[in-house]
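The structure appears right after this line, and notes come after that.
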Amino acid sequence: MLIVFLLYNFKKKVINLKLKPLIFIVEDNEDIIFNLKLSLESNNFQVVSASNGKEALKTLSDMDQVPDLIISDIMMPKMDGYELFKTLSNDNRLNEIPFIFLTARASPEDIRFGKLLGVDDYLTKPVLEEDLLAVIKGKLSRKKKISSIDAQVKEYLSSHDIDLTPSLLKSHGKNVLLLMVFWDDRLGPELKLWHPKEETLPIPIEKVGTQLFNAAMLIYGQEKIIKADGILLKIENINRYGYVFFDSYPDPNERFGEKQYMLALIAPKINYFESLKIREIFLSMTKKIKQARNYNINEIYQKFLNILTTSSL
């Protein structure tokens with residue numbers, strides 16, 4: 001009976017351990033690592049640490065479990081936080097992990113530069129425990145929603161008889177597709193534009209546009225869009241990535257008094273640095289949409305191709 005009891009408690013502890021989110025701390029100050037670890041573990045997180053970016057990459061390559069979130073200092077020996085983030089952003093296995101800078105570099109220029117790189121948040125030392133925990137829980141919640149979207153897209157696509165042969169082998173196109181979908185109160189998501197017209201996907205483009213719109217709206221909920229925002233999704237079953245950008249403009253005839261729409265770029269590969277540049281083009285494009293100004297779709301599309309075929313940095 002004692003053996004059974006011990007085995008039961010061991011299995012229970014293993015299950016509970018797996019349920020705890022894993023936080024990876026990259027920091028060269030041992031006292032800060034100790035305090036962060038103490039705080040996080042007391043709030044039901046697992047913690048792994050490394051003293052610099054180079055050690056962090058080695059640790060990550062040896063880990064079976066991918067961390068749920070990374071907290072990194074910037075100024076560290078051997079490899080700093082900037083270089084660590086750049087390396088992770090180009091790693092398909094690790095580039096979707098929420099990444100937070102926690103650093104003493106607190107000037108407005110440093111903060112702007114960090115956010116421009118595309119990190120999920122930028123916190124300055126010293127940080128209050130409740131503020132750090134709030135940011136971590138917020139990022140993990142968002143990651144969970146995005147993972148749910150990926151799962152729904154995967155489930156939707158797996159229900160179709162899909163030919164997974166890369167489209168590039170069937171045509172001379174670049175395998176990059178630009179979509180524009182508007183919400184209609186009567187019809188729901190409605191595909192208004194796709195470019196180039198000759199480009200194809202393994203399933204009808206209209207269905208992809210509708211599914212991306214519906215899935216991504218789960219992040220916002222059926223609510224008013226407060227500000228323009230975008231997310232990078234991996235669509236595994238059609239072997240594509242999609243950068244999906246949402247915005248709206250005032251329209252008294254629509255729900256919430258606004259016309260909601262989605263711009264999306266679908267390509268074989270989009271990394272985080274590329275998604276930052278894609279977002280800037282979408283921001284410029286959406287200004288013209290709101291002002292009912294004309295835009296040259298061929299020029300915009302060529303800009304996307306240039307981003308995806310040249311070095312990100």
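Laboratory data are not the source of any read-out in this text; all were calculated from the coordinates shown. Just so it is clear, the model here is predicted, and its values are computed rather than measured. Ideal geometry is used to build each Cβ from the backbone, glycine not excepted, and the neighbour counts take in all protein chains shown.
Values for this structure:
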read-out: Extension gain, T309 back to I205 (0.36 nm per residue minus Cα-Cα distance, nm); value: 35.1 nm
read-out: Residues with amide H under 5 Å from that of D251, placed H, sequence gap 5 or more; value: E258, K259
read-out: Length added when fully stretched, S147-S42, from 0.36 nm per residue minus Cα-Cα; value: 35.2 nm
read-out: For T103, distant residues with modelled amide H under 5 Å away; value: L123, T124, K125
read-out: From phi via Karplus (6.51, -1.76, 1.60), per-residue ³J(HN,Hα) for segment 63-74 in Hz, x at Gly/Pro; value: 7, 7, 9, 6, x, 7, 6, 10, 10, 10, 6, 9
read-out: Segments 181-189, 98-106, 201-209, 20-28 sorted - mean Cβ within 10 Å per residue, highest first; value: 20-28, 98-106, 201-209, 181-189
read-out: Per-pair calculated FRET efficiency, R0 = 35 Å: Q291 and M75 via Cβ, rounded to 0.05; value: 0.20
read-out: Extension reserve of the A104-D91 stretch, reckoned as 0.36 nm per residue once the Cα distance is removed; value: 2.0 nm
read-out: Amide H within-cut-off set for S49, under 5 Å, with H built and near neighbours excluded; value: I25
read-out: Shape of segment 10-113, Cα gyration tensor, a/c cut at 1.5; value: prolate
read-out: Protection proxy ranking of 34-40, 44-50, 70-76 - average other beta-carbon atoms within 10 Å, highest first; value: 70-76, 44-50, 34-40
read-out: Residue-wise HN-Hα coupling along segment 188-203, computed from phi with Karplus coefficients 6.51, -1.76, 1.60 (Hz; x: Gly, Pro); value: x, x, 10, 5, 9, 7, 9, 8, x, 4, 7, 6, 10, 10, x, 10
read-out: For segment 19-30, 3J(HN,Hα) per residue [Karplus equation, 6.51 cos²θ - 1.76 cosθ + 1.60, θ = phi - 60°, Hz, x = Gly/Pro]; value: 7, 6, x, 9, 9, 9, 9, 10, 7, 8, 9, 5
read-out: Inter-label distance for S61 and D229, nm, one decimal - labels placed 7 Å from Cα along Cα-to-Cβ; value: 3.6 nm
read-out: Calculated FRET efficiency for the pair L19/N239, C-beta based, R₀ 41 Å, to 0.05; value: 0.85
